[in-house]
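A short reminder: the numbers here are calculations on the coordinates, not readings from a lab. Note that this is a predicted model, so its numbers are computed, not measured. Cβ placement follows ideal geometry from the backbone for every residue including glycine, while neighbour counts extend to all protein chains displayed.
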Amino acid sequence: APTNPELLDHLAIWFVENGWSIKKLHRYLMNSATYRQQSLAVGKSVSSDEANRFLWRMNPRRLEWEAMRDSILHVSGSLSHRDKGGLPVDLLALKERNFRSVFGFLD
């Protein structure tokens with residue numbers, strides 16, 4: 001069962017009213033204050049809702065290796081924003097290895 005049926009109803013109505021656009025729904029969700037919350041558990045809220053049932057903070061989660069690799073390349077300033085295109089490539093065999101992970105595979 002949904003933990004917040006009122007929110008689910010609100011999102012369903014918003015989705016229909018905005019032309020069933022998944023792109024608009026993604027933008028709406030990702031620009032919300034709730035989505036952009038920190039994952040740090042600070043203050044007296046921790047003692048009153050340690051399990052985060054009321055969603056006052058984002059629960060920490062692990063990154064997949066692709067997102068972690070791309071994040072490291074981006075932060076270091078070496079991520080190529082050039083469109084790779086074509087067939088997937090072996091990321092370890094390439095001379096230039098700074099493409100996004102979506103363009104490659106590891107064997």
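Of note:
- Cα-based radius of gyration for the stretch 65-105, normalised by 2.2 N^0.38 Å, reads 1.05.
- Intensity falloff of the stretch 5-48 expressed as log10 I(q)/I(0), Debye formula with alpha-carbon point scatterers, at q = 0.29 Å⁻¹: -1.03
- Nonlocal amide H pairs with Val89, under 5 Å, H built at 1.01 Å: Gly104, Phe105
- Neighbourhood charge, 15 Å Cβ-Cβ cut-off, centred on Ala12 and excluding it, Lys, Arg +1 and Asp, Glu -1: -2
- Stretching Val75 away from His26 to a fully extended chain increases their span by 15.2 nm, per 0.36 nm per residue minus the current alpha-carbon distance.
- Cα pair distances of the stretch 1-88 binned at 5 Å [whole percent]: 3, 10, 12, 15, 17, 15, 13, 10, 5, 1, 0
- Loop sites in the stretch 1-74: GluC sites (Glu not before Pro), DSSP, at most 12 other Cβ within 10 Å: Glu50, Glu64
- Mean separation of Cα contacts under 8 Å, 6 or more apart, over the residue count of the chain: relative contact order %: 16
- Ellipticity estimate at 222 nm from DSSP helix runs (n ≥ 4, -39,500 (n - 2.57)) divided over the chain, nearest 500: -10000 deg cm²/dmol
- Taking chymotrypsin sites (Phe, Trp or Tyr not before Pro) across the stretch 28-71, the ones in a DSSP loop with at most 12 further Cβ atoms lying within 10 angstrom of their Cβ are Tyr35, Phe54.
- In the stretch 36-107, trypsin sites (Lys or Arg not before Pro) in a DSSP loop with at most 14 other beta-carbon atoms within 10 Å: Arg36, Lys44, Arg53, Arg61, Arg62, Arg82, Lys95
- Rounded to the nearest 20, the size of the Cβ-charge dipole of the stretch 5-48 about its Cα centre is 280 debye, with Lys and Arg at +1 and Asp and Glu at -1.
- Dipole size of the chain about its Cα centre, with +1 on Lys/Arg Cβ and -1 on Asp/Glu Cβ: approximately 320 debye, rounded to the nearest 20.
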